[in-house]
Amino acid sequence: MPWADPLLPRVSDPHFEEVVKDRFGKVPDIYFRVSPSKWLREAVMEWPQYRVQYFPSKLGYIAGLICAQENACRYCIGVTRAYLKSQGYNDNFINMIERDRQLAELNEKERVFVQFCRSLSRSSPRPPKSLLMRLQRLGYSELAVKEMAWWIVANCFINRVSTFISVPPMADLERMSRGLLGKIFRRVIKKRLEAPQRSELGTKASEQGQSFVQMMDSLKGLPAADYIGTALQGAMQSDILSKELKILMFSVVAKTLQCEFCISESKEMALNMGFDEDEYELALVTLNSKKLSNQESEILKWTRETIHFDTFVIQGRVKELSTKTDNVVLLEAIGLASLANAIVRLAILIK
């Protein structure tokens, strides 16, 4: 699988490294790459540690591999394969999932879930809500289906961040999982990749009074709402990118994926920010605005490319963008574009 050299440098933050080391036993490379952005590094650390509650954990593991495969994320494929092997799944099972074969081991409910996972990961065409209804008819609860949607977009969020940065694969972890040591040290591998589940039940979003509250309220009963709310609040409060650019980035993703809810939310945010309606609509057509600097216009144009992409091409575009921005700005743009893609894809299905 084509994979570029890292597009952002390692940055040391001793306090953050201690937090990561205390949780995982070591500091994987990805955390050095995202450490300058506090909200992004928290999301990158917390989101993959979510443990599904309302549908079988086996499907949660499978979803991680499918999302990494659909997004062609070399880093995440390696980590997810290692995690599946730490759970006792053999190479034949993992390879069959990767090759999209019909699995005799999976029942109809599980096969429909796999279809749902691939559809939402690709979002081209948009995943139909009928897939959610089908999952519910097969016996999954409404809360379980919402949790499925959240878990899939959470994995895609990590895929995008890892791909856009070109995070180096965790070669030591992959080697360990493949050999005899992998069988002996499964608990060590699990410790590196797992952490305790949050206990909050998604009540903070409404309390924060932020945008997309209606979508997050749809996740009440799941810690997912708090994960999203915390990340969104951190991203919007960060002063590295202008608020005008951030709103337009969300708007571009919403318009491209045709999410009526997010289109409406983003437009309201833009009008409250001081855009007039014609100015806002023109910005979405031209991917430019007099409210943006030349650097910000380049980031906005790139944002549309993050929605559907070829891995090696988008890594080349990130490298090109890196010549027009500093590293801190580029990292923030990568995080914001990845977050916008996650939120819009989730809203398409649950709003």
For Arg33, are the conditions met, namely being modelled with pLDDT under 90 and either of a type in the set (Phe, Trp, Tyr) or out of contact with any strand residue (DSSP E or B) (no Cβ under 6 Å at 6 or more places or on another chain) (or both)? no
Considering only helices (runs of 4 or more DSSP H) wholly within segment 79-191, the ones with at least 1 residues that are under 27 Å from Thr230 (Cβ atoms), at pLDDT 90 or above and small (Gly, Ala, Ser) are 108-122, 142-165
Note on segment 23-80: residues β-branched (Val, Ile, Thr) and under 15 Å from Ile152 (Cβ atoms) are Val52, Ile62, Ile66, Thr80
Reported set for segment 244-277 where residues are surrounded by 15 or more Cβ atoms within 10 Å (Cβ to Cβ) and either outside any helix (DSSP H, G or I) or among the hydroxyl-bearing types (Ser, Thr, Tyr) (or both) is Ser251, Thr256, Cys259, Ser266, Phe275
Within segment 36-59, restricting to residues that are of a type in the set (Gly, Ala, Ser) and touching a residue at least 24 places away in the same chain (Cβ under 8 Å), the one that is surrounded by the fewest Cβ atoms within 10 Å (Cβ to Cβ) is Ser37
Somewhere in segment 300-317, is a residue under 18 Å from Leu120 (Cβ atoms), in contact with a Cys (Cβ under 9 Å, 6 or more places away or on another chain) and either surrounded by fewer than 24 Cβ atoms within 10 Å (Cβ to Cβ) or modelled with pLDDT of 95 or more (or both)? no
Those residues of segment 44-78 that are within 18 Å of Leu120 (Cβ to Cβ) and in a loop (DSSP other than H, G, I, E, B) come to a total of 8
Handout entry: Residue check, Ala283 more than 22 Å from Asn159 (Cα to Cα) and among the aliphatic types (A, V, I, L, M)
Key = yes
* To do: State whether one or more residues within segment 265-284 are at negative phi, of a type in the set (Lys, Arg) and touching a residue at least 24 places away in the same chain (Cβ under 8 Å).
  => no
Restricting segment 78-100 to residues that are within 16 Å of Val114 (Cβ to Cβ) and either basic (Lys, Arg) or within 17 Å of the chain's Cα centre (by Cα) (or both), the one surrounded by the fewest Cβ atoms within 10 Å (Cβ to Cβ) turns out to be Arg99
By residue number, the members of segment 286-329 that are under 18 Å from the mean Cα position of the chain (by Cα) and aliphatic (A, V, I, L, M) are Ile307, Ile314, Val318
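The values are calculated or read from the model by the stated rules, or taken from the named source; none is laboratory data. Computed from a predicted model, the values in this text were never measured in an experiment. Glycine also receives a Cβ, built like all others from the backbone with ideal geometry; neighbour counts cover every protein chain displayed.
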